[in-house]
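A short worksheet on the structure shown next.
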Amino acid sequence: MAKDKAVPTDKIAAGLTWRQLVEIEACARCGECLVWCPAYAQDPRESICSRGKLGYLKRIVKSGLGGEEHKEFLEGLYECSACGQCHIVCPLRINTHELWEQARAALVKAGIPQPEALIKHLAAIREFNNSYGKPQTERGLWAGKAWQAGLLKEPVRLWKEHPAPVLYFAGCTASFDSAMQAVAVQSARLLQEAGTDFSILGPDEPCCASKLRRMGDPGFADEARKRVDLFREQGIRTIVVSCAGCFKGLHSDYADILPGTIEVLHLTEYLDRLIREGRLNLRGRVPMQVTYHDPCHLGRHNQIYLEPRRILSAIQGLSLIEMRRHGPFSSCCGMGGGLKLAKPDIQKKMSAARICQAEETGAEAIVTPCQTCLMGLTMGTEAISSGLKVYHINEMLVRSICPEAGREHIEKAFADAEGR
Amino acid sequence: MEVIYPKPWVLFWLFVICGHLYLDYSLYLRWKGWSRGETTGFSIRRLKAPVLKIWLCEVFVQRQLFSLSVIRWLIHQCIFWGFLCLTLLSLSKFILLLLSMISLDAGLHAYFSNGTGYPFIKVWGDFFGLILLAGCVGALSRRFVFRPVQTAHDQTDTFLSAYLLLMTLSGFMLEGLRIASSPSDPDLYAFIGRLFMPSWFGIASDTGILLAWLWIVHAFSGAAILIYLPHSKLLHSLLAPLVIALNASEEQERKDMYWPKTKQYRPTK
């Protein structure tokens with residue numbers, strides 16, 4: 001097949017790191033990535049699994065690819081949630097998810113853009129500083145509404161009025177998506193129950209911009225620097241994040257650029273600490289059998305497996321049944337890496353497959369500590385009309401500590417407030 | 001003790017030198033290609049105990065492969081150790097020969113090539129030859145008989161297994177024919193080579209020519225690996241240890257080093 005002379009091979013190679021270029025050649029094509037890939041399980045094409053993409057990338061940085069193959073490579077590159085399962089099973093430990101993100105950015109720098117849906121989404125993040133395309137003034141409204149509805153013990157204060165030892169970072173989804181605002185409210189309530197002195201940035205809270213990194217926007221490093229500067233200017237030292245995607249961004253992606261600046265904890269890490277210190281009293285029983293879904297950004301990407309499980313096991317009456325794939329082998333729900341935008345049908349199939357795995361356990365609910373996974377898994381239950389309930393881990397804690405702040409109460413109160 | 005038959009040594013060494021130069025040039029071109037990428041400051045100080053532990057376990061014991069599939073691990077271990085130990089044997093013999101030429105081998109060359117150390121060479125060569133042979137047969141069986149879902153149907157991979165198999169078999173055939181032509185006591189230690197002694201030996205009219213041709217096939221195919229290596233899957237034998245070390249050291253830096261118990265889980269398919 002004729003090579004596409006227009007493909008700027010040197011530019012693409014320059015966008016990758018030395019190690020990544022070695023990795024591309026080191027792959028022995030054993031195919032373990034293919035066996036475990038949750039996207040390949042739904043669309044079995046070689047170009048989707050890491051082996052296929054590595055093969056294409058190797059040829060691209062060498063001499064370019066022919067038209068059809070080039071198209072196939074691009075499709076495969078974006079038909080991936082960058083969940084990192086292939087990294088875990090790779091005998092060479094190739095850091096695949098990092099490679100795909102870097103390859104996307106390298107291609108963009110070389111003049112080969114992302115799919116249209118991703119470009120629009122990234123543009124919205126840049127323009128509105130959130131991924132929902134809503135005005136920033138709406139970002140912290142959940143806190144006021146929750147206080148007025150009696151869902152909080154005290155009003156949540158803004159950082160500029162009260163710079164507290166801890167900043168609670170809700171993220172775009174829990175701030176703007178009405179179906180997910182319960183996560184922010186419950187996080188705040190749990191922090192209040194533990195007596196944590198915290199505040200929020202409210203309208204000043206920026207989008208973590210990690211989606212820019214996930215989807216290969218070369219401007220990510222600059223955006224990350226701006227946010228780190230903002231946190232530094234505000235004198236923020238500890239950030240508690242309830243979204244696994246934001247956590248990956250703030251904790252890992254920012255650290256790659258500006259190491260060791262601010263302590264970033266995921267909510268589950270912080271709540272686990274509070275429970276072990278005896279500051280959060282889990283007084284009520286929650287008689288339920290649940291299974292736990294490890295978000296990729298928390299588990300495989302940051303090795304946080306124990307803390308959420310410790311939280312669940314601390315709740316009286318609650319029993320945890322593991323799915324056959326859990327921990328480092330947890331199947332991705334497909335919500336990451338821009339897959340939901342690039343290939344929504346594949347994402348839906350992936351989340352449905354995960355729900356099937358959860359149903360196999362016989363549990364009555366699936367629990368996750370990530371609002372994005374919560375959305376994805378809910379879509380999965382809808383796709384296969386499953387009766388399985390999907391909850392954020394906060395819901396389990398709230399049921400034990402302060403049932404009046406349960407999800408249903410929050411949704412009802414917010415709907416009433418909006419006159420729905 | 002050794003049977004004398006014509007061996008084109010000059011041609012062989014010329015081939016080895018050219019092959020080596022070609023390998024060096026190919027690796028240089030690759031290095032140049034990799035240098036187009038951003039450099040990430042790697043420091044030898046990053047190689048701390050957990051990184052070294054992972055490196056040793058993954059490179060020499062191939063722990064990850066073991067947890068994924070015991071059969072695959074066994075095949076890979078056979079090829080890895082068979083190939084490595086036979087290469088070490090050839091290299092050691094070559095180094096001792098060079099040292100003996102300048103009388104710096106302390107008599108080791110004579111000891112191993114026709115002294116009491118000769119049986120050791122026989123046992124070493126036959127044992128690791130057998131291991132390599134088993135690995136190649138296993139790899140080809142897996143590819144063509146068991147056909148697991150992830151097998152890449154790349155002709156170069158099949159060629160590599162067949163190539164290593166041919167090289168090993170030609171080595172045993174050469175040894176068998178040599179033992180048949182002039183048996184001696186240390187040949188008892190060539191426990192696999194003896195099985196390859198041709199029963200039709202008595203009829204052969206010119207053993208020397210046959211031995212020479214077998215030697216050419218075996219020695220030249222062995223040296224040709226130098227040329228084939230950068231274009232084949234074998235390249236991972238050089239790059240995998242490097243990549244494992246680099247990745248493990250970065251995991252250590254990022255504090256996300258993992259050691260999964262893969263056997264507890266089952267893949268999607």
(message) Suppose R0 equals 60 Å. What FRET efficiency, 1/(1 + (r/R0)^6) with r the Cβ-Cβ distance, do A:Leu258 and B:Thr116 give to the nearest 0.05?
(response) 0.35
(request) Counting other beta carbons within 10 Å of each Cβ, put A:His301, B:His218 in order, fewest first. (result) B:His218, A:His301
(request) Excluding residues fewer than 8 places away in the same chain, name every one of the lysines whose C-alpha is closer than 16 Å to that of B:Lys255. (result) A:Lys248, B:Lys48, B:Lys53
(message) Give me the one-decimal nm value for the distance between modelled label points at A:Thr238 and A:Glu154, 7 Å along each residue's Cα-to-Cβ direction.
(response) 1.6 nm
(message) Skipping prolines and chain starts, which residues have an amide H placed within reach, meaning under 5 Å, of the one on A:Thr17, given they are 5 or more residues away or on another chain?
(response) B:Glu38
(message) Given the C-alpha atoms of the protein assembly as shown, compute the convex hull and give its volume per residue in Å³.
(response) 185 Å³
(message) As I understand it, the dipole of the protein assembly as shown uses +1 on the Cβ of Lys and Arg and -1 on the Cβ of Asp and Glu, about the Cα centre. Which of B:Gly33, A:Gln316, A:Tyr254 lies farthest toward its positive end?
(response) A:Gln316
(message) Under the rule a/c < 1.5 gives rounded, and otherwise a/b versus b/c splits prolate from oblate, where does the range B:186-260 land using the Cα gyration tensor?
(response) prolate
(request) Would you mind checking the tilt of helix A:220-233 against the longest principal axis of the Cα atoms of chain A, expressed as 0 to 90 degrees and rounded to 10? (result) 30 degrees
(message) Please compute the Kirkwood hydrodynamic radius over the range A:1-130, one decimal place, Å, based on all pairs of different Cα atoms.
(response) 15.1 Å
(message) At a 10 Å Cβ-Cβ cut-off, how would you order B:Glu251, A:Glu269, A:Glu404, fewest neighbours first?
(response) A:Glu404, B:Glu251, A:Glu269
(request) Quote the Stokes-Einstein diffusion coefficient, in whole µm² s⁻¹, for the range A:124-230, based on the Kirkwood radius over alpha carbon pairs, a temperature of 4 °C and a viscosity of 1.567 mPa s. (result) 90 µm²/s
(message) Can you say what percent of the DSSP beta bridges in chain A, counting only those with both residues inside, are antiparallel? Round to 5.
(response) 0 percent
(message) Using alpha carbons only, how many angstrom separate the centre of the range A:71-124 from the centre of the range A:281-324?
(response) 30 Å
(message) Starting from 0.36 nm per residue, how many nanometres of slack lie between A:Leu141 and A:Ala14 once their C-alpha separation is accounted for?
(response) 41.3 nm
(request) Describe numerically, in nm with one decimal, the distance between label points set 7 Å from Cα along Cα→Cβ at B:Ser182 and at A:Cys356. (result) 6.9 nm
(message) At 222 nm, what value in deg cm²/dmol follows for chain A if DSSP H runs of at least 4 each add -39500 (n - 2.57) and the sum is divided by all its residues, to the nearest 500?
(response) -14000 deg cm²/dmol
(message) Is there a quick way to get the dipole size of chain B? I mean about its Cα centre, with the Cβ of Lys and Arg at +1 and of Asp and Glu at -1; what is the value in debye to the nearest 20?
(response) 1220 debye
(message) Please enumerate, by chain and number, the aspartates and glutamates with C-alpha under 16 Å from the C-alpha of A:Lys71, excluding those fewer than 8 residues away in the same chain.
(response) A:Asp4, A:Glu46, A:Glu79, A:Glu116
(message) Give me the extension gain from B:Leu88 to B:Glu253: residue separation times 0.36 nm, minus the current Cα-Cα distance, reported in nm with one decimal.
(response) 55.9 nm
(request) Calculate for chain B the 222 nm mean residue ellipticity that helices alone would give, adding -39,500 (n - 2.57) per DSSP H run of length 4 or more and normalising by residue count, nearest 500 deg cm²/dmol. (result) -21500 deg cm²/dmol
(request) Using R₀ = 35 Å, calculate the FRET efficiency as 1/(1 + (r/R₀)^6) where r is the Cβ-Cβ separation of B:Asp24 and A:Asp229; round to 0.05. (result) 0.15
(message) Give the separation of the Cα centroids, the range A:186-228 to the range B:46-62, in Å.
(response) 36 Å
(request) Compute the distance in nm between two label points, each set 7 Å from the Cα along the Cα-to-Cβ direction, one at A:Asp197 and one at B:Lys48. (result) 3.3 nm
(request) Evaluate the charge dipole of the protein assembly as shown about its Cα centre and quote only its size in Debye, nearest 20, assuming +1 on the Cβ of each Lys and Arg and -1 on the Cβ of each Asp and Glu. (result) 200 debye
(request) Would you please calculate the Kirkwood hydrodynamic radius of the range A:299-381 over all C-alpha pairs and express it in Å, rounded to one decimal? (result) 13.5 Å
(request) Taking amide H positions as placed in the peptide plane 1.01 Å from N, state which residues far from A:Val390 in sequence (5 or more) or on other chains have amide H under 5 Å from it. (result) A:Ile366
(request) With springs only between Cα atoms under 10 Å apart, run a GNM on chain B and tell me which of B:Val59, B:Val123, B:Val149 wobbles the most. (result) B:Val149
(message) Once you order the gyration tensor axes a ≥ b ≥ c over the Cα atoms, which shape class does chain B get: rounded for a/c under 1.5, otherwise prolate or oblate by comparing a/b with b/c?
(response) prolate
(message) Just to verify a number: FRET efficiency for B:Leu238 and A:Ser313, C-beta to C-beta distance, R0 = 41 Å, to 0.05?
(response) 0.30
(message) I'd like to know how the range B:79-151 sits against the 2.2 N^0.38 Å rule of thumb: what's its Cα Rg over that expected value?
(response) 1.53
(request) Using only the Cα atoms of the range A:104-153, build the gyration tensor, take square roots of its eigenvalues as a ≥ b ≥ c, and label the shape rounded, prolate or oblate: rounded if a/c is under 1.5, else prolate if a/b is larger than b/c, else oblate. (result) prolate
(message) Among A:Ser210, A:Ser63, A:Ser175, which one shows the highest mean-square fluctuation when chain A is modelled as a Gaussian network with alpha-carbon springs under 10 Å?
(response) A:Ser63
(message) Within 10 Å of each Cβ in A:93-99, how many Cβ atoms from other chains are there, averaged over the peptide?
(response) 4
(request) Send over the Kirkwood Rh of the range B:7-134, from the inverse of the averaged 1/r over different Cα pairs, rounded to one decimal Å. (result) 18.6 Å
(request) Rounded to whole Å and ordered largest first, report the semi-axes of the equivalent ellipsoid of the range A:264-420 derived from its Cα gyration tensor (root of 5λ). (result) 24, 20, 16
(message) Springs between alpha-carbon pairs under 10 angstrom, Gaussian network model over chain A: which of A:Leu271, A:Leu57, A:Leu306 fluctuates most?
(response) A:Leu306
(message) Per residue of the range A:47-57, what does 6.51 cos²θ - 1.76 cosθ + 1.60 with θ = phi - 60° give for ³J(HN,Hα)? Whole Hz please, x for Gly and Pro, Karplus curve as stated.
(response) 5, 8, 6, 4, 4, x, 5, 5, x, 5, 4
(request) Any chance you could check the Cα centroid distance between the range A:258-280 and the range A:394-411 for me, in angstrom? (result) 21 Å
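All of the numbers you see were taken from the coordinates with simple rules; none came from a lab. Source: prediction; values computed, not measured. Glycine gets a Cβ as well: all are built from the backbone with ideal geometry, and neighbour counts include every protein chain shown.
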